[in-house]
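For reference, the structure is listed below as structure tokens.
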Amino acid sequence: MIKMVNLYSQYVEIQDSLDQSFSKIISESSFIRGEDIFLLENELADFLGVKHCITCASGTDALTISLMAIGLERGDEVIVPAFSFAATAEAVALLGGIPVFADVDPETFNINTKSAERLINDRTKAIIPVHLFGQPCNMNQLVRIAKKYGLKIIEDNAQSLGSVCRIGQNFERYTGTIGDIGCTSFFPTKPLGTFGDGGAMFTDDDYMAERIRLIANHGQPTKYQHQIIGVNSRLDTLQAAVLRAKLPRLNDWNDARRNAAAYYTQQLSCLNGIELPQETDFGTHIYHQYTIKVARELRNPLQTFLNQSHISSMVYYPSPLYSQPAFCNISKRDYDTSCAEDLSKTVLSLPIHSHISTGTQDKVIAAVCDFFSNL
Ligand SMILES: *Cc1c(COP(=O)(O)O)cnc(C)c1O
């Protein structure tokens, strides 16, 4: 079976350095808040060109803590894309906020800025753009909108760590460092993945960074002094060591996925009946997913055919978030979310990862072509 991802090949590249750092951490028993945590936070901040990095236990926690840090209150509205992983909206709802679902763009699958702007009212506190599948959102427009209405931007960068967004004419920044706070996830399959759960927040704002640090650690500036209500959300030292070993390779691995995506696009572009991922002129797509669009009536049959050909594929995501039982009664949405609706019926993600071989891709390509030639 050809799988969606293969994480073992990343491990093989870092095995030697991991053996060393793991035995050091274990011999020191520095499992919580060990040296690697602080080294990783500095290295990540340097890599991204951002002032502060604060690690935490997951990407979902990063979103929740960020919303706590901006002072989200019960009844506050936060604009999120209707087409994303649930965690984006879940964090808002968990704190008593109201997720307000904007539609997405049919080409990038990312939040539609016109839809987002339509949803702003007196209760709106923030926008959470999600850089979905490795593709940067239109941050130029989002930053302009946020400034105009005095809103915070929390970037959900769980799927796009290492992708770059052009701001203005010739100024570039990594996604996750443009809004007030950027969040990421180190879930194993994410661009920078560890051996379990993990997450981080990024900000240039000293005050925000201090609040985030407080909240993530029981609201205590020093041990047993609790200034505000916080949570226990820590990355552990072993996971930090994995991430430190992987970080120097992140750009190469992202490039490898970009190359693999270019190969798919080259080989599949002559097929009628599918739409291939599109890139924008303002962002570097790092292809966390390679997601094609297929006519509604053919999407599930194609997936079944691939499965019979021993090729995995995934539907990310099979329904817009507002139609999920958890959200349908506690959220609001734009009157027109037809793109999110349509994508949930037409998208299919093909296997892609940093170490996929051309031979493996050729098998996927051949199977997709077979399906369409047998129609
Ligand atoms: C993975 C993911 C998250 C949550 O990250 P966890 O580390 O699994 O909690 C949030 N948002 C998006 C878009 C994700 O893909």
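With the crude spin-label approximation of a point 7 Å out along Cα→Cβ, what separation in nm comes out for residue 210 versus residue 362?
6.1 nm
If each of residue 323 and residue 28 carries a label point 7 Å out from its Cα toward its Cβ, how far apart are those two points in nm?
So the label points at residue 323 and residue 28 sit 5.2 nm apart.
Relative to the Cα centre, what is the charge dipole magnitude of the range 115-231, using +1 at the beta carbon of each Lys and Arg, -1 at the beta carbon of each Asp and Glu, and rounding to the nearest 20 debye?
220 debye
Long-range amide H contacts for residue 98: which residues qualify at under 5 Å (H placed 1.01 Å from N, peptide plane, sequence gap of 5 or more or a different chain)?
Those qualifying (amide H under 5 Å, at least 5 residues apart or on another chain) are 75, 76, 77, 78.
Give me the Debye-computed log₁₀ of I(q)/I(0) at q = 0.09, 0.13, 0.15 Å⁻¹ for the range 115-261, equal point scatterers on Cα only, no solvent, two decimals.
Per q value, in the given order, log10 I(q)/I(0) is -0.34, -0.69, -0.89.
How big is the C-alpha Rg of the range 1-101 next to the rule-of-thumb value 2.2 N^0.38 Å, as a ratio? Kindly include the intermediate steps, with their values, before the conclusion.
Working: Rg = 18.5 Å, N = 101, 2.2 N^0.38 = 12.7 Å.
Normalised by 2.2 N^0.38 Å, the Cα Rg of the range 1-101 equals 1.45.
Within the set of other residues whose C-beta is less than 12 Å from the C-beta of residue 276, count the net charge using Lys and Arg as +1 and Asp and Glu as -1.
-2
Compute, for the chain, the length of the dipole vector about the Cα centre, with Cβ point charges of +1 (Lys, Arg) and -1 (Asp, Glu) only. Units Debye, rounded to 20. Please list the in-between numbers first.
On the way: 32 positive and 41 negative charges, 80 e Å.
It comes to approximately 380 debye.
Under the Kirkwood approximation for Rh and a Cα-based Rg, what ratio Rg/Rh is obtained for the chain?
Taking Rg over the Kirkwood Rh, I get 0.97.
Specify the inter-centroid distance of the range 274-343 and the range 143-204, based on alpha-carbon positions, in whole Å.
21 Å
Could you please put 68, 208, 1, 314 in sequence from largest to smallest accessible area, using a 1.4 Å probe?
I get 1, 314, 68, 208, largest accessible area first.
Nearest 0.05, what FRET efficiency do residue 223 and residue 295 give at R0 = 56 Å with Cβ-Cβ as r?
My answer for the efficiency is 0.40.
What Kirkwood radius, in Å to one decimal, follows from the Cα pairs of the range 1-59?
Final number for the Kirkwood radius of the range 1-59 is 13.9 Å.
Near residue 118, within a Cβ-to-Cβ distance under 10 Å, what is the net charge of the other residues, with Lys and Arg +1 and Asp and Glu -1?
Around residue 118, the surrounding residues sum to -3.
Between the range 7-62 and the range 78-98, what's the alpha-carbon centroid distance in Å?
Centre-to-centre distance over Cα atoms comes out at 28 Å.
What figure, in Å² to the nearest 10, do you get for the accessible area of residue 275 with a 1.4 Å probe and non-protein molecules left out?
My reading of the accessible area for residue 275 is about 100 Å².
Under the Kirkwood approximation for Rh and a Cα-based Rg, what ratio Rg/Rh is obtained for the range 146-228?
1.05
Taking the convex hull of the Cα atoms, report for the range 46-178 its projected area averaged over all directions, in nm².
On the way: hull surface 31.2 nm².
One quarter of the hull surface, i.e. the mean projection, equals 7.8 nm².
Heavy atoms only, probe 1.4 angstrom, no DNA, RNA or ligands counted: give me 288, 52, 310 ranked by accessible area, highest first.
Greatest to least solvent exposure: 310, 52, 288.
Given contacts defined as C-alpha pairs under 8 Å and at least six residues apart, what's the relative contact order of the chain, whole-number percent? Display every interim value, and only then the final one.
Numbers: 793 pairs, mean separation 85.4, N = 375.
Relative contact order comes out at 23 percent.
Taking a probe of 1.4 angstrom, what is the accessible area of residue 353 in Å², to the nearest 10?
Solvent-accessible area, nearest 10 Å²: 20 Å².
Accessible area, 1.4 Å probe, largest first: how do 305, 101 sort? All intermediate terms of the calculation are to be shown ahead of the outcome.
Numbers: 305 50, 101 0 Å².
Reading off the accessible areas and sorting them downward yields 305, 101.
Per the Debye formula with a single identical scatterer at each Cα and no solvent contribution, what log10 I(q)/I(0) holds for the range 202-358 at q = 0.08, 0.12 Å⁻¹?
The Debye formula, applied to the Cα set alone, gives -0.42, -0.85.
The values are calculated or read from the model by the stated rules, or taken from the named source; none is laboratory data. What you are looking at is a predicted structure, and each value in this text was computed from that prediction instead of being measured. Cβ sites come from the backbone with ideal geometry, for glycine too, and all protein chains shown count toward neighbours. Accessible surface areas use protein heavy atoms only, side chains included; no ligands, DNA or RNA. Shrake-Rupley method; radii C 1.70, N 1.55, O 1.52, S 1.80 Å.
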